[in-house]
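Participant: After the structure tokens below, expect a handful of questions from me.
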There are 2 protein chains.
Amino acid sequence: MSEARSRLLDTATGLFYSEGIRAVGIDRVVAEGKVTRATLYRHFPSKDDLIVAYLGQVDAAIRVQVDAARAKNSTPEDVIRGVAQFIADDIQRAGFRGCAFLNAAAEYPDPDDAVHRAVLAHRQWFLDTMIELFTDLGKIDAEPAARHFVMLRDGAMAAGCLTDPEPVRETFLRGVEGLLTYRSRESVTT
Amino acid sequence: MSEARSRLLDTATGLFYSEGIRAVGIDRVVAEGKVTRATLYRHFPSKDDLIVAYLGQVDAAIRVQVDAARAKNSTPEDVIRGVAQFIADDIQRAGFRGCAFLNAAAEYPDPDDAVHRAVLAHRQWFLDTMIELFTDLGKIDAEPAARHFVMLRDGAMAAGCLTDPEPVRETFLRGVEGLLTYRSRESVTT
DNA sequence: CGCTAGATAGAACGATCGGTCTTCCTCAGC
DNA sequence: GCTGAGGAAGACCGATCGTTCTATCTAGCG
């Protein structure tokens, strides 16, 4: 990866995440990345490719965090707590602006769009990962529990950048704790 | 409200919600609303005003649904179930594309922006409403419970348009049921 | 009747969009 | 020492962005 390319990708990541994807034009990325338009288009054939690369970068960062949570904690329960913890930390981080993937999906709702598909791929991986963790924990209903976890995460990430993140963070961690402590006892009638 | 204006607003609502706000230009709204550009700008001084009006329309529709849930159910618990039910119904509706407000916030992250402020106002009202309902229920910790409810709702609305809505719906309703059945027993250490 | 408000139709504005192109310069590997 | 890839600088493309404009028509109301 050339230096200009990584600088470009970092600039795009910062701008797309903090201001929104459609709101940021190629010119902005080029200018703030100290790069020529020609250089950008050498590395990324179109803006869509740049967006997908941006999401890929965020995806990689999250996988690193999950791996770290796995490495640091011994019991499955603590691994889940570790994952919850870095989500909670993320929310109260300066410059937090919600989930990059949910935000991207809001701007690119078309399921055929490459950007949208990148969002779905990341989310599928994350759900599968959580199912795995809850399975390790010995839960018979690992999938519902994982879905519950993801739902809390999505809600927390969505709300955390709209108001004071502190109560959001607390509500999230408390919800996860409840999920680890009690099991679902009854099914709902649809 | 003139006929052209309401037609304009309905068209904008449909387009903005299903395709995203920035993705839809004034021309599209004008064309599909069978209206002239001049007419649009007579009723809405700028696109931002049209967006705010769009969110206002969605906000009004949700308030109607909450009022209906209040009118139909007698016990506070059932009112909350009613609110959860219309959210669950919304998710599995054809053309469901997530929460109009969360989507708008993703596109307009600037807190000073009129669009962003409209999102915050709606969310504040909804949280206050849920706190009220949980207070009616007699919960001592009404606010945490309401925050928990809103977090589940946000997560469900965000995820419901990205994959099969059925498991999302079920996870959401189950989470709400759990919230109504058990109370939070311990606080989390931050 | 005349007046005004609201709608129609459509040209036009400058700005920006994503994307292509040419020209020159640099520097590492054969 | 030459070659060729990667980058800088910037002109340029057609399309679309949000917005304003003039001109004409129509309906309701005094």
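Participant: From the list A:R117, A:R169, pick out the single residue that is more than 7 Å from chain B (Cβ to nearest Cβ), of a type in the set (D, E, K, R) and over 30 Å from A:S46 (Cβ atoms).
Facilitator: A:R169
This table checks each residue for (1) assigned to a loop (DSSP other than H, G, I, E, B); (2) in contact with an Asp or Glu (Cβ under 7 Å, 6 or more places away or on another chain); (3) facing chain A (nearest Cβ under 8 Å).
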site: B:N103; (1), (2), (3): no, no, yes
site: B:D112; (1), (2), (3): yes, no, no
site: B:H122; (1), (2), (3): no, yes, no
site: B:L127; (1), (2), (3): no, no, no
site: B:I140; (1), (2), (3): yes, no, no
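Participant: Which number in (1) in contact (Cβ under 8 Å) with a residue 12 or more places away in the chain; (2) more than 14 Å from every other protein chain (Cβ to nearest Cβ); (3) within 14 Å of DNA strand D (Cβ to nearest atom) marks the one condition that A:E3 misses?
Facilitator: Of (1) in contact (Cβ under 8 Å) with a residue 12 or more places away in the chain; (2) more than 14 Å from every other protein chain (Cβ to nearest Cβ); (3) within 14 Å of DNA strand D (Cβ to nearest atom), only one is false for A:E3: (1).
Participant: Sticking with this one: Could you grab me the full set of residues in the stretch B:76-115 that are surrounded by 18 or more Cβ atoms within 10 Å (Cβ to Cβ) and under 18 Å from A:G160 (Cβ atoms)?
Facilitator: B:G98, B:C99, B:F101, B:L102, B:N103, B:A104, B:A105, B:A106, B:E107, B:Y108, B:P109, listed by residue number.
Participant: Mind telling me which of the residues B:V30, B:V24 ends up being within 11 Å of DNA strand D (Cβ to nearest atom), among the β-branched types (V, I, T), free of Cβ contacts under 8 Å to residues at least 24 places away in the same chain and in contact with a Phe, Trp or Tyr (Cβ under 8 Å, 6 or more places away or on another chain)?
Facilitator: Only one candidate qualifies: B:V24.
Participant: Is it the case that the stretch A:25-44 has a residue that's of a type outside the set (A, V, I, L, M, F, W, C), within 14 Å of chain B (Cβ to nearest Cβ), assigned to a helix (DSSP H, G or I) and under 16 Å from B:E107 (Cα atoms)?
Facilitator: no
Coordinate-derived values only; no laboratory data. Quick caveat, the model's predicted, so the values are computed rather than measured. No Cβ is skipped: glycine too gets one built from the backbone with ideal geometry, and neighbour counts run over all protein chains shown.
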